[in-house]
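Following: one structure in structure tokens, then a few remarks.
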Number of protein chains: 2
Amino acid sequence: MTELSVGLVQQACTADLEHNMATSVAAIRELAAQGARLIVLQELHRSEYFCKEEDPAIFDLAETIPGPSTDCLGALAKELNVVIVASLFECRAPGLYHNTAVVLESDGTIAGQYRKMHIPDDPGFYEKFYFAPGDTGFEPITTSVGKLGVLVCWDQWFPEAARLMAMAGAELLIYPTAIGWDREDDAEEQERQRQAWVTIQRSHAIANGVPVLSVNRVGYEEGPSGRESVDFWGTSFVAGPQGEILYCAGTDAPENVLVKIDLSRTTAVRRIWPYLRDRRVDHYGDLLKLYRD
Amino acid sequence: MTELSVGLVQQACTADLEHNMATSVAAIRELAAQGARLIVLQELHRSEYFCKEEDPAIFDLAETIPGPSTDCLGALAKELNVVIVASLFECRAPGLYHNTAVVLESDGTIAGQYRKMHIPDDPGFYEKFYFAPGDTGFEPITTSVGKLGVLVCWDQWFPEAARLMAMAGAELLIYPTAIGWDREDDAEEQERQRQAWVTIQRSHAIANGVPVLSVNRVGYEEGPSGRESVDFWGTSFVAGPQGEILYCAGTDAPENVLVKIDLSRTTAVRRIWPYLRDRRVDHYGDLLKLYRD
């Protein structure tokens, strides 16, 4: 058994950036003390979810990579001897911003970064205004705890992204995310949405025979007109390579979660379910089209 | 609301081919009488699951398309004014056999066929011996009840197949299937497998915003040495376009299931979750490789 202890930080954010980062740092310290070797923060953990409106002033929240957050988290990764997956609002150049996941190695260096490739845009989630679609492609990031297939939020709905990561040797799929309920939806619709979100990510574990870690924020955040307010539904979870749930957090409170993953199960599962053997790449050409009409 | 009543025939098969077909016909009559307009049979419903050993004599089970089964089911489709999805062991030429789904139109004609594209092979499921991988590609079949994305069993583990069908306008994804438990696996492993099978198919509904119908056989079938015996787990189900379960059959008995599907929900769901808008086809090129190394 090749065991990896992973830590998930399901956090509630406030308008106070320093408070949010202090909360993340405290959580990382707690999980490292419990033995976590890989710790994953939620999407855009440094602030409230700010895409609830389109306001050019909000670009002030962005920072460079490397920059203050990677300096802080890199030093922490080195001090605690852990790998950290952070999620930042990246200022790449004036007028060019990304939603970027950064992996900090346990020696304090930046192991790699992934710029969110699939960008959503719907009422209250105006991400196409803030984030240029990533240009990193789907490349796992090599670390001391394995090759990490780091993706971000909306990517979780696209089987293509998970597949490309697994095909490049990703040993884990990791999704920092920020998703929640519109309080105007009824309880049945809310539950359908949450279950769909869990199910699609479990399916990436199944289709690719790899564990999946998903870390979502929690708590209610008010929108500017009220209408864009979101009840972030938490539910951060870890699934094994058959999609089996190893742990699933609650919907209504912050949690620092430690989960032990048996990485050797990937090989065992892929031997009984060898999907990679049987892909019909000779008939997949139209996947490169937007639609087949 | 655009409602479609679908019928699923979850059947236990015996060594008596005529008995099996009579059971299917009776089930189709019962479901048509209840108002079903589309009726789906399980994979290879005409016989026991015969791929439990590699025996050239078993090719005698195969038949041409058109042939006796399509004649019988075509006439029934016309008589009852229903569309039927059948699953046959096709003899295309001496030495060239396929695992083929055939759609019978309500006027008795063959609307189209789909030759299983992804062929499994593992102990007790020696399909690569019997079935040439399909050459139909992933093309929906146009019928009087809509464009049907008919796939077969092992295809269900491949998100690529579902995506290609949806991209070609499939309004439903349909999986005749034959999957079950090895009694030597413990109860936890058995349940992980069954849940994985449900989850991956629900995920195709979610990723593509279309309903999914899956029809699996049920019952215990003995293998030649005992070791290849399979407890087919039933669990035939229908999911809506958010992956929500509309009905799920039991694991241990035949069932003729009628389910009403609201087809108008596809458009509604795709408006709130417009994944087709955001696919990064400019970075999907490596999906056409077997592996990225």
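Taking the numbered list (1) at positive phi; (2) touching a residue at least 24 places away in the same chain (Cβ under 8 Å) in turn, B:LEU104 passes all entries but (1).
Residues that are of a type in the set (Gly, Ala, Ser) and away from chain A (no Cβ under 14 Å): which strands (runs of 3 or more DSSP E) entirely in the range B:39-134 hold 3 or more of them?
B:83-93
Restricting attention to the range B:248-269, which residues are of a type in the set (Ser, Thr, Tyr) and within 20 Å of B:ARG194 (Cα to Cα)? Don't jump to the end; show me each part of the working.
If we filter the range B:248-269 for residues that are of a type in the set (Ser, Thr, Tyr), which is where we start, we get B:251, B:264, B:266-267.
Of everything in the range B:248-269, just one residue is of a type in the set (Ser, Thr, Tyr) and within 20 Å of B:ARG194 (Cα to Cα), namely B:THR251.
Residues of the range B:2-30 that are of a type in the set (D, E, K, R), more than 19 Å from B:VAL230 (Cα to Cα) and out of contact with any Gly (no Cβ under 9 Å at 6 or more places or on another chain): B:GLU3, B:GLU18, B:ARG29.
Please state which one of A:ILE110, A:ILE84, A:ILE141 is modelled with pLDDT of 95 or more, of a type outside the set (Gly, Ala, Ser) and farther than 22 Å from A:SER214 by Cβ. Talk me through it step by step, then tell me what you get.
Details: A:ILE84 fails: farther than 22 Å from A:SER214 by Cβ; A:ILE141 fails: farther than 22 Å from A:SER214 by Cβ.
Only one candidate qualifies: A:ILE110.
Hey, among the residues in the range A:260-281 that are surrounded by fewer than 17 Cβ atoms within 10 Å (Cβ to Cβ) and in contact (Cβ under 8 Å) with a residue 40 or more places away in the chain, which one's farthest from the other protein chains (Cβ to nearest Cβ)? The residue in question is A:LYS260. Filtering the range B:184-218 to residues that are in contact with a His (Cβ under 9 Å, 6 or more places away or on another chain) and hydroxyl-bearing (Ser, Thr, Tyr) leaves only B:SER203. The condition (being among the small types (Gly, Ala, Ser), farther than 22 Å from B:ILE141 by Cα and in contact (Cβ under 8 Å) with a residue 12 or more places away in the chain) is satisfied by just one residue among B:ALA15, B:ALA26: B:ALA15. What are the residues in the range B:135-173 that are touching a Pro at 6+ places or on another chain (Cβ under 7 Å), more than 9 Å from every other protein chain (Cβ to nearest Cβ) and assigned to a loop (DSSP other than H, G, I, E, B), if any? Across the range B:135-173, the qualifying residues are B:VAL152, B:ALA170. Set side by side, the residues B:GLU228, B:GLU160, B:GLU191 differ, and just one is within 25 Å of A:LEU288 (Cβ to Cβ) and of a type in the set (Asp, Glu), which is B:GLU160. Among the residues of the range B:22-66, the one identified as farther than 29 Å from B:PRO123 by Cβ, buried (at least 17 other Cβ atoms within 10 Å of the Cβ) and of a type in the set (D, E, K, R) is B:ARG37.
In this structure, is A:THR251 over 28 Å from B:ASP135 (Cβ atoms), more than 9 Å from chain B (Cβ to nearest Cβ) and part of a helix (DSSP H, G or I)? If you could, list the steps in order and put the result at the bottom.
On the way: over 28 Å from B:ASP135 (Cβ atoms): yes; more than 9 Å from chain B (Cβ to nearest Cβ): yes; part of a helix (DSSP H, G or I): no.
The answer is no for A:THR251.
Close contacts from the range B:158-173, counting a first residue that is at positive phi and a second that is among the basic types (Lys, Arg), with Cβ to Cβ under 8 Å and a gap of 6+ residues or different chains, come to B:GLY169/A:ARG292; B:GLY169/B:LYS147. Screening A:LEU288 against (1) surrounded by fewer than 18 Cβ atoms within 10 Å (Cβ to Cβ); (2) more than 13 Å from chain B (Cβ to nearest Cβ); (3) over 29 Å from A:ALA36 (Cα atoms) leaves a single unmet condition, (2).
Residue by residue, here is whether (1) of a type outside the set (Ser, Thr, Tyr); (2) surrounded by 23 or more Cβ atoms within 10 Å (Cβ to Cβ); (3) more than 12 Å from chain B (Cβ to nearest Cβ) holds:
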{"site": "A:ALA178", "(1), (2), (3)": "yes, yes, yes"}
{"site": "A:GLU184", "(1), (2), (3)": "yes, no, yes"}
{"site": "A:GLU189", "(1), (2), (3)": "yes, no, no"}
{"site": "A:ARG194", "(1), (2), (3)": "yes, no, no"}
{"site": "A:ARG202", "(1), (2), (3)": "yes, yes, no"}
{"site": "A:ILE206", "(1), (2), (3)": "yes, yes, no"}
{"site": "A:PRO211", "(1), (2), (3)": "yes, yes, yes"}
{"site": "A:ASN216", "(1), (2), (3)": "yes, yes, yes"}
{"site": "A:SER225", "(1), (2), (3)": "no, no, yes"}
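Residue count for the range A:82-137 satisfying the condition of being within 14 Å of the chain's Cα centre (by Cα) and under 22 Å from A:LEU17 (Cβ atoms): 14.
Within the range B:75-88, the set of residues being without any contact (Cβ under 8 Å) to a residue 60 or more places away in the chain and either of a type in the set (Ser, Thr, Tyr) or surrounded by fewer than 22 Cβ atoms within 10 Å (Cβ to Cβ) (or both) comprises B:ALA75, B:LEU76, B:LYS78, B:GLU79, B:LEU80, B:ASN81. For the range B:140-178, the tally of residues that are in contact with a helix residue (DSSP H, G or I) (Cβ under 8 Å, 6 or more places away or on another chain) and farther than 20 Å from A:PRO159 by Cβ stands at 2. The residues listed here are B:GLU48, B:GLU3; of these, the one that is more than 23 Å from B:LEU246 (Cβ to Cβ), touching a strand residue (DSSP E or B) at 6+ places or on another chain (Cβ under 6 Å) and of a type in the set (D, E, K, R) is B:GLU48.
Filtering the range B:235-247 to residues that are surrounded by 16 or more Cβ atoms within 10 Å (Cβ to Cβ), within 14 Å of chain A (Cβ to nearest Cβ) and not in a loop (DSSP other than H, G, I, E, B) leaves B:PHE237, B:ALA239, B:LEU246.
Might you check whether a residue that is modelled with pLDDT under 95 and either closer than 29 Å to A:LEU246 by Cα or of a type in the set (D, E, K, R) (or both) occurs anywhere in the range B:205-222? Within the range B:205-222, one or more residues are modelled with pLDDT under 95 and either closer than 29 Å to A:LEU246 by Cα or of a type in the set (D, E, K, R) (or both).
Among the residues of the range B:38-53, which ones are β-branched (Val, Ile, Thr) and touching a residue at least 60 places away in the same chain (Cβ under 8 Å)? The answer is B:VAL40, and nothing else.
The values are calculated or read from the model by the stated rules, or taken from the named source; none is laboratory data. For clarity, every value in this text was computed on a predicted model and none was experimentally measured. Neighbour counts are summed over all protein chains in view; Cβ atoms, including those assigned to glycine, are modelled from backbone coordinates with ideal geometry.
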